[in-house]
Amino acid sequence: MQQFPRRRAWLVAPTLLSAPLSWQALAQGGGEEEPRAALARLVALAAPLGGRIGAQVTVDAPGGAWHLAHAAEAPFFVGSTTKSFILAAYLLAVERGEASLTEPLAVEDAVRSPSSPVLEGLRGTMAARFVLEAMISHSDNTATDMIMQRVGVDAVRAVIARAGLRGVQVAASTRRMVSYLAGAAPGQDLGWAGVQEAMAGPLPSPARPVMNAQESMISSPEALAAWYRLVLSGGLFARPESLVEFRRISAMATVLSEVVPAHVAAYGKGGSIIWNDENALALGGQMRVRGVAASFGIALNWPGGPETVAPTMGGMVEGLRGLLAAVAARMP
């Protein structure tokens with residue numbers, strides 16, 4: 001996780017990253033915990049925090065799909081999980097001949113955004129394919145805003161509408177969201193210098209909540225699971241090579257190796273934020289066990305200071321590991 005050194009803890013939608021794990025709960029289950037028991041253990045994380053959690057798992061078994069769910073239709077702040085929609089929008093633009101994976105995109109202050117572990121401080125150009133990889137693999141926000149500038153937020157929202165996903169909200173750019181949360185007027189981009197100033201000193205106006213109707217990253221767990229179920233089944237792209245590229249890049253998400261059972265193919269995107277005593281962790285994706293798909297969406301939102309983040313992240317990763325291991329053990 002990247003955190004900015006200022007009075008407020010500020011983490012702008014990076015991926016979930018590894019955290020110290022006790023493995024105690026998973027070990028007690030012996031890797032054979034029932035999926036519903038594993039889900040209940042994950043859900044139990046929210047109550048001591050005064051937060052809320054939602055989850056959806058859909059397994060497309062040969063004998064018929066089966067589901068696990070808890071508050072699956074509720075909206076949550078899900079942060080960078082929404083970058084999967086941006087990836088799809090760019091690949092669809094490539095299909096239409098409006099963009100290419102090899103075209104150079106400018107790395108410059110006009111699109112620079114906080115929490116950019118790959119492109120921070122770099123200038124020049126980078127091929128779009130590598131920008132997409134940085135956006136998903138390392139959740140680089142500058143890379144995200146480079147892609148958003150290229151395709152436009154309307155194209156991303158069109159993908160969401162085409163997929164039939166309800167209640168999903170994406171920000172016009174990560175920097176626009178940062179600007180709005182920091183008190184800027186709706187639609188105002190503080191610019192790179194302005195964002196840096198806001199991070200280092202007083203905000204231009206009172207801080208806004210992460211869940212808002214202007215600039216946010218919101219989804220239900222149900223919608224995240226439905227998204228991966230649709231797109232990975234071939235229900236979005238017209239060309240096979242587009243789906244191949246979506247899978248390849250989606251498999252790079254850092255969090256997957258932390259929570260998906262070993263030697264299991266998986267695709268997805270995590271997200272998180274720490275902002276003004278609001279916190280979020282989320283993950284959407286799909287794993288495939290012996291050719292059977294399990295699509296999932298999980299989100300936890302809770303109040304609290306930065307000191308709550310590390311133990312909560314540890315519990316979340318451990319809980320996700322237990323849940324996905326239990327689901328995989330019950331797949332045909």
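Per-structure values
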read-out: Residue among F77, F296, F85 with the largest mean-square fluctuation in a Gaussian network model of the chain, springs linking Cα atoms under 10 Å; value: F85
read-out: Neighbour net charge for V107 - beta-carbon separation under 11 angstrom, K R +1, D E -1; value: -3
read-out: Approximate spin-label separation V244-T125, in nm, with each point projected 7 Å along Cα-to-Cβ; value: 2.6
read-out: At R0 = 25 Å, FRET efficiency that the Cβ-Cβ distance of A65 and R162 yields, to 0.05; value: 0.70
read-out: Ratio of the Cα radius of gyration of the range 10-329 to 2.2 N^0.38 Å, where N counts its residues; value: 0.95
read-out: Karplus 3J(HN,Hα) series, Hz, for the range 212-227 with 6.51 cos²θ - 1.76 cosθ + 1.60 (x for Gly, Pro); value: 8, 8, 9, 9, 7, 10, 10, 7, 8, x, 4, 5, 4, 5, 5, 4
read-out: Label point distance in nm, E108-A37, each placed 7 Å from Cα along Cα→Cβ; value: 5.9
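Since every read-out is calculated from the coordinates, none of them should be taken as a lab result. Everything numeric in this text was worked out from a predicted model, so none of it was measured. Every residue, glycine as well, gets a Cβ built from its backbone with ideal geometry; the counts of neighbours run over all protein chains shown.
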